[in-house]
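Report on one structure; see the data block that follows.
The values are calculated or read from the model by the stated rules, or taken from the named source; none is laboratory data. Being a predicted model, the structure only gives us computed values, none of them experimental. Backbone-built Cβ (ideal geometry, glycine too); neighbour counts: all protein chains shown. Quick note on the areas: whole protein, heavy atoms, side chains included, nothing else; ligands and nucleic acids left out. Shrake-Rupley method; radii C 1.70, N 1.55, O 1.52, S 1.80 Å.
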Amino acid sequence: VGLKNVYGVPGLPGIGGAADVLDGRVAAAAIKSRVAARVADLLAGGSPAPLLATILVGNDPASETYVAAKHRACEEVGLESASHVFPADVPSGEVEACIDSLNRDAAVSGILLQLPLPDHLDARGLIELIDPRKDVDGLTAINAGRLAHGSAALVPCTPKGIVALLDHYDVELRGRRAVVVGRSDLVGKPVATLLTQRDATVTLCHSRTRAFQEECRRAEVLVVAAGRPGLVDERHVGWGAVVVDVGIHRGADGLVGDVDAGAVSRRAKAISPVPGGVGPMTIASLLENTMLAAA
Ligand code: NAP
């Protein structure tokens, strides 16, 4: 699907209004088939399939759903996966020992520690125990530093997926005014870095940003990762902007994002839906990172 669809020529289904849909399921399928082909090549050459190990602590339903989806996606493309599940009150030492043994296990290509963790665990400390070569979420200080230098192999999955989604639909980034809402280590900061590396002119907004609406409205590409349902509506979006909605919230009517999609789609050129936008791209990026970590 090319530029002509995003830029207003009929081709993609709209969300309520006129905007085209940046369909993450379609873009993720393209990535998954590339990963599946590479796994098949490895197996044909007599090498084992790369293995993703996940660590899940507690029984947060959203985390359980995400981890299950990651294992299913591995299976779809022929990657191996193994899950390590701990009760919510697990002593930190047990999780540390698990990470240590996965670091030393040559059969394990990638390690994913599902966040958030229960309060008694130090997420930052545990992430730093992951061997940076197996850090498929790209969250260790080493990989975050490499990303800042522009030399990262393992880039955080959601930001990587957001840029891949924009690329899939041929959204021009060079020279464009991009606004990122949210400055988390997981999404906002790394996506701002990636967009800067792609020659966008990036503004990073957060909860202390003054004239928030005006800042957003200047965006040609608006990425919203605030974790606030419906925070961005038509007042925040300029005519013809491309909007990526990263937020995920479980409401009475199912999943919704940080963007009021119905209202915004009357102004935007294109918008990523929730569900079916950034979520599938995050998982596809995780599969790619697992391949990269195995190389
Ligand atoms: P987070 O760590 O809570 O960060 C939220 C950021 O948004 C913070 O920087 C915060 O500013 C900013 N913010 C909050 N309220 C704001 C407001 N009213 N105006 C402007 N900025 C505001 O969240 P996160 O981990 O980045 O995740 C963000 C959302 O994306 C969540 O809904 C999460 O579920 C979703 N998510 C989706 C995927 C996916 O695969 N689709 C992956 C990861 C996350 P301050 O720094 O000033 O507090």
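Before moving on, here are some points about what is shown:
- Magnitude of the charge dipole, segment 169-245, Cβ model with Lys/Arg +1 and Asp/Glu -1, debye to 20: 300 debye
- Local net charge near Ala284, Cβ-Cβ under 15 Å (Lys/Arg +1, Asp/Glu -1): +1
- The residue among Ser47, Ile142, Val244 whose Cα reaches farthest toward the positive pole of the charge dipole of the chain, with charges on the beta-carbon of Lys, Arg, Asp and Glu, is Val244.
- Placing +1 on each Lys and Arg Cβ and -1 on each Asp and Glu Cβ, with no other charges, gives the chain a dipole about its Cα centre of roughly 1140 debye.
- Of all aspartates and glutamates in the structure, those lying under 12 Å Cα to Cα from Lys32, and not within fewer than 8 positions of it along the same chain, are Glu75, Glu76, Glu288.
- Gyration tensor (alpha-carbon) shape descriptor, segment 151-219, a/c threshold 1.5: oblate
- For Lys189, the lysines whose Cα falls under 24 Å of its own Cα, not counting residues fewer than eight places away in the same chain, are Lys70, Lys134, Lys160.
- Most simply put, the chain has about 10% antiparallel DSSP beta bridges, counting only bridges with both residues inside it.
- Rounded if a/c under 1.5, otherwise prolate or oblate - segment 165-295, Cα gyration tensor axes: oblate
- Counting only alpha carbon atoms, the long axis of helix 157-168 and the longest principal axis of the chain meet at about 50°.
- GNM top mover of Asn59, Asn143, Asn103 - the chain, alpha-carbon springs below 10 Å: Asn59
- Of all accessible heavy-atom area on segment 143-295, the percent that carbon and sulfur account for (1.4 Å): 48 percent
- Look at the dipole of segment 32-89 built from charges on Cβ: of Val57, Ala73, Ala88, the Cα furthest out on the positive end belongs to Ala73.
- Computed FRET value (nearest 0.05) for Arg174 with Ala68, which takes r as the C-beta separation and R₀ as 35 Å: 0.35
- Note on the chain: dipole from Cβ charges, positive end direction compared against Gly161, Ala30, Thr196; the farthest Cα belongs to Thr196.
- Calculated [θ] (222 nm, deg cm²/dmol) that DSSP helices of n ≥ 4 give over the chain, each run adding -39,500 (n - 2.57): -12500 deg cm²/dmol
- Springs join every pair of Cα atoms under 10 Å in this Gaussian network model of the chain, and among Arg183, Arg267, Arg235 the largest mean-square fluctuation is at Arg235.
- Springs join every pair of Cα atoms under 10 Å in this Gaussian network model of the chain, and among Ala144, Ala29, Ala226 the largest mean-square fluctuation is at Ala29.
- For segment 95-144, size of Cβ-based charge dipole, Lys and Arg +1, Asp and Glu -1, in debye: 160 debye
- For the chain, relative contact order (Cα pairs under 8 Å, six or more residues apart, normalised by length) works out to 24 percent.
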